[in-house]
Amino acid sequence: MKSWKNRSLIEARELSEPEIRAVLARAGELKKLWQGWRGSEFPHQSLRGKTVVNLFFEPSTRTRSSFELAADRLGAHVLNLSPEGSSISKGETLFDTAKNLEAMDPDLLVVRHASAGAPYQLSKIVRVPIINAGDGFHEHPSQALLDAFTIEEAKGGIKGLRILIVGDIAHSRVARSCIYTFRTLGAKVAVCGPPSLIPPSVESLGVTLDYHLHRAIRDADVVMMLRIQLERQARNTPGGTRANTQFPSLGEYSRFWGLNVETVKELKQGAIIMHPGPLNEGVEISQEVATGPYSVILNQVSNGVIVRMALMDLILGNGGRSA
Amino acid sequence: MKSWKNRSLIEARELSEPEIRAVLARAGELKKLWQGWRGSEFPHQSLRGKTVVNLFFEPSTRTRSSFELAADRLGAHVLNLSPEGSSISKGETLFDTAKNLEAMDPDLLVVRHASAGAPYQLSKIVRVPIINAGDGFHEHPSQALLDAFTIEEAKGGIKGLRILIVGDIAHSRVARSCIYTFRTLGAKVAVCGPPSLIPPSVESLGVTLDYHLHRAIRDADVVMMLRIQLERQARNTPGGTRANTQFPSLGEYSRFWGLNVETVKELKQGAIIMHPGPLNEGVEISQEVATGPYSVILNQVSNGVIVRMALMDLILGNGGRSA
Amino acid sequence: MKSWKNRSLIEARELSEPEIRAVLARAGELKKLWQGWRGSEFPHQSLRGKTVVNLFFEPSTRTRSSFELAADRLGAHVLNLSPEGSSISKGETLFDTAKNLEAMDPDLLVVRHASAGAPYQLSKIVRVPIINAGDGFHEHPSQALLDAFTIEEAKGGIKGLRILIVGDIAHSRVARSCIYTFRTLGAKVAVCGPPSLIPPSVESLGVTLDYHLHRAIRDADVVMMLRIQLERQARNTPGGTRANTQFPSLGEYSRFWGLNVETVKELKQGAIIMHPGPLNEGVEISQEVATGPYSVILNQVSNGVIVRMALMDLILGNGGRSA
């Protein structure tokens, strides 16, 4: 097991079970501390005097907020940067931006970028640790860690559970990171979605595959719905250009791969429903299901801040400054 | 009198006199403390460890800054969010955004929204206290509280004073909040403006009405000019479409309902002039008047931060942490 | 020598040698403290409880970040404001914005504006000290101070050095501020660039002039390349409108006034290369040169934060709160 100290987190794929366990354990401690805390300042100020840079080349209110709040709680300064399009080529901008930021001596870069691999490239250029906050269709590892934490919290463990991931598997960085993480922790992962949105090689990732949600859902202990990118779907609605024939219509998608009060009747007792957000209510999930008794969607949001605190604490904290 | 502790402030209409008095009294204490303070950190750090979210669906530099500085001074963290247009319907976005924010465990939401009632709806959905920082044509209660504070500071009290509000009464959330607040505190409120911009039922709010500024101004102890929304006026200028015939031309507006060096000659000795900002100089108020001896416009800005500190302190502070 | 206490910095032209020396000396102390510091919070919290406003009328990620990090390190709150275009005339907006900000009681305004003279005008209106962070083609004094600091650090001093500034001298606020600063400190400054981009009166600033980079570079101890504004150049590329005939084509510019591995062979042993960033790699400087052994470009970035800390510390700090 590699130490987390001053380490970048680029891919869930590279994480060993003990490394994931270290994050989940720290998150559990911090959650207990956070919930039990009364008074003025959160007692675990392990990032006091540190600077965390949120470097978001793609806009994101939720993930950016989650990292900002996590850093705030631990006492860090947060610098929010959203570089815009530039007249010079992307590669130069990224390199130049990264080297400049490094020269300003920050302690951590949280990077979101539309291009798969951008955070990895940055991590080769700068010595500052980097957390990948989502890169193209590649990975979003902190999302997978918070999902694993939420599953364990709700189900008492994750090993041996049957976890079903539903939707556009081919273009989902969340799906990729989750598959790696859940499998490393010993879960059985299945995927489900329209045939055109399942990559041909998906079974090589160690998952099983079913195109029929009504059938697949019966065995699941955990059902994770992915967000449909409406801007793609739009092309296939009446009046759209139908340029992209990979996607079924929204109605078809919702009918066959959406979760609604009818579908959830097939669920096992005690199964849970997850979604990385933001929701397209009425498309991949109905409002009744999203806010219903099976749903742990808001727990995911809440645990998102906690798990990111744990990550930052392991990477930057001195481990002994708790009051 | 309801306690301010963990309470939302959605409408000035709902405030009792003792509730308003509690805010004004705390603002007075905090202003004294702020002005007398020398040294490094403001001694009243009653929001240390708290997180205030500025959730501004409408852009606003001034109001957002005022809340941010107020929270900063008391030791809170501030998270600035400006959600943009989304492909999903507004109702869902608002609900979804609110539930997600709540899951991240903030202590206070400061909400501005273009739709009247949005902060109220949020306050029914989430348990986090909310301050309405302006919603459509409905209310802007913290503005009314800072205006009341400024009037009392300048005039030694507000009860029995004649307060004249001038301009587009029909579409002004500031006017509505001020009418409720000033009346609750015992002032006599009159409104003045073009007939097309005075709602027919305005007298049911307990105010008197005069269409002639030159006449109405003579009795006033306080004259509050409202901001004209230039984007509406523009439609009536030469070359505009004249689609909206509710509004007089800018020249006509300025001549009949604007405040200039000629108009202020009618003012009583000791009367004061207010404006919620930002000013359209030369339209509803001339620069000489805005910066002249009657004007307390900058006091309003300065007291804005103080009164918002008082509100946050009452809602979130523990009341006993002053150094 | 005027005291720095509560003082505005609008122009490098107005600075005496002892005044510049005071900044450089404080920067040297703070750099030593910063590099030697281990533990949680930077020990020199001389701006604790102070509010610094970044008032950027022009967008700037780098300079804004540099000031924000400098203020953060010393313990200040930072309020970021980026006023957008408004329907009222600029002069009114600027005045109104400034008076409003002043009423909110900040301790320092850092102002960037597209119009030369805007920070000066503000400094006449408000009592809050102002640092000019770049105004039109006029000045960018903190850039010149960090450049002087970087030169002294690299070369052991600046007096008597030959400093060559290359590029669009006519439209560069960096060039103007640097010429004043370097000359005041006793350096010999030369400028070089296309004849159309050298102001006719440049020699009245006390600099020498050479149109040939290959010749001028041989004597230089320091070569400072300026950034070419690509949006101007674009007009002269094939297909452009050629409306602006002041500028040579990019290819021509790069060939005659760009720095590449061939050009730097002419450099003296121990000479250094500077650039205020962001770089147009392949235009005014090649990547090999920018990242090569002569280059101190990243030192400029790193020292930028330090020198801005020194400025803020002199202007706002109490000078005795170091732990």
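The values are calculated or read from the model by the stated rules, or taken from the named source; none is laboratory data. Not measured: the values here are computed from a predicted model. Positions of Cβ are generated from backbone atoms using ideal geometry, with glycine treated the same way; all protein chains shown enter the neighbour counts.
Considering only the stretch C:38-48, state which residues are buried (at least 18 other Cβ atoms within 10 Å of the Cβ), in contact (Cβ under 8 Å) with a residue 60 or more places away in the chain and within 12 Å of chain A (Cβ to nearest Cβ). Result: C:HIS44, C:GLN45.
Evaluate the stretch B:102-122: report whether one residue or more is within 13 Å of another protein chain (Cβ to nearest Cβ), without any contact (Cβ under 8 Å) to a residue 12 or more places away in the chain, under 24 Å from the mean Cα position of the chain (by Cα) and within 29 Å of A:GLU41 (Cβ to Cβ). Looking through the stretch B:102-122, none of the residues is within 13 Å of another protein chain (Cβ to nearest Cβ), without any contact (Cβ under 8 Å) to a residue 12 or more places away in the chain, under 24 Å from the mean Cα position of the chain (by Cα) and within 29 Å of A:GLU41 (Cβ to Cβ). Applying the condition of being outside any helix (DSSP H, G or I) and surrounded by fewer than 23 Cβ atoms within 10 Å (Cβ to Cβ) to the stretch A:209-225 and asking which residue is nearest to the other protein chains (Cβ to nearest Cβ) yields A:ASP221. Per the listing A:LYS50, A:LYS31, the residue uniquely farther than 22 Å from A:PRO106 by Cβ and either out of contact with any strand residue (DSSP E or B) (no Cβ under 9 Å at 6 or more places or on another chain) or not polar (S, T, N, Q) (or both) is A:LYS31. Any residue at all in the stretch A:146-158 that's buried (at least 22 other Cβ atoms within 10 Å of the Cβ) and farther than 29 Å from A:LEU47 by Cβ? The answer is no, given that none of the residues of the stretch A:146-158 is buried (at least 22 other Cβ atoms within 10 Å of the Cβ) and farther than 29 Å from A:LEU47 by Cβ. Scanning the stretch C:99-110 for any residue that is under 30 Å from B:ARG227 (Cβ atoms) and surrounded by fewer than 16 Cβ atoms within 10 Å (Cβ to Cβ) turns up nothing. Taking the condition of being part of a loop (DSSP other than H, G, I, E, B) and acidic (Asp, Glu), how many residues in the stretch C:250-299 meet it? Total satisfying the criteria: 2. Residues of the stretch B:300-323 that are in a loop (DSSP other than H, G, I, E, B) and either surrounded by 18 or more Cβ atoms within 10 Å (Cβ to Cβ) or at pLDDT 95 or above (or both): B:GLY317 alone.
Yes/no per residue for (1) more than 28 Å from B:LEU197 (Cα to Cα); (2) in the same structural domain as B:VAL78 (by TED's automatic domain parsing); (3) out of contact with any helix residue (DSSP H, G or I) (no Cβ under 9 Å at 6 or more places or on another chain):
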{"residue": "B:THR93", "(1), (2), (3)": "yes, yes, yes"}
{"residue": "B:GLU102", "(1), (2), (3)": "yes, yes, no"}
{"residue": "B:PRO106", "(1), (2), (3)": "yes, yes, no"}
{"residue": "B:VAL111", "(1), (2), (3)": "no, yes, no"}
{"residue": "B:TYR120", "(1), (2), (3)": "no, yes, yes"}
{"residue": "B:ILE131", "(1), (2), (3)": "no, yes, no"}
{"residue": "B:GLY156", "(1), (2), (3)": "yes, no, yes"}
{"residue": "B:ILE169", "(1), (2), (3)": "no, no, no"}
{"residue": "B:SER172", "(1), (2), (3)": "no, no, no"}
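The test for being within 14 Å of chain A (Cβ to nearest Cβ) and of a type in the set (D, E, K, R) does not hold for C:GLU262.
The single condition among (1) closer than 25 Å to A:PHE56 by Cα; (2) free of Cβ contacts under 8 Å to residues at least 40 places away in the same chain; (3) surrounded by fewer than 23 Cβ atoms within 10 Å (Cβ to Cβ) that A:PRO195 does not meet is (1). Among the conditions (1) within 13 Å of chain B (Cβ to nearest Cβ); (2) in contact (Cβ under 8 Å) with a residue 12 or more places away in the chain, C:ASP72 misses just one, which is (2).
The single condition from (1) modelled with pLDDT under 95; (2) farther than 23 Å from A:PRO276 by Cβ; (3) of a type in the set (Ser, Thr, Tyr) that A:THR51 fails is (1). Inside the stretch A:22-37, residues that are within 12 Å of chain B (Cβ to nearest Cβ) and either modelled with pLDDT of 95 or more or part of a helix (DSSP H, G or I) (or both) make up a count of 3. When we screen C:THR61, C:THR51 for residues that are in contact (Cβ under 8 Å) with a residue 40 or more places away in the chain and within 14 Å of another protein chain (Cβ to nearest Cβ), the only hit is C:THR51. Pairs meeting the criteria (first residue in the stretch A:275-303 and within 7 Å of another protein chain (Cβ to nearest Cβ), second residue surrounded by fewer than 17 Cβ atoms within 10 Å (Cβ to Cβ) and modelled with pLDDT of 95 or more, beta carbons under 8 Å, at least 6 apart or on different chains) are A:SER302/B:ASP105. Only one of the listed residues (A:GLU152, A:GLU203) is in contact (Cβ under 8 Å) with a residue 40 or more places away in the chain and charged (D, E, K, R). That residue is A:GLU152. The residues on offer are B:LEU185, B:LEU164, and the sole one that is on the phi < 0 side of the Ramachandran plot, of a type in the set (A, V, I, L, M), touching a strand residue (DSSP E or B) at 6+ places or on another chain (Cβ under 9 Å) and outside the structural domain of B:GLY117 (by TED's automatic domain parsing) is B:LEU164.
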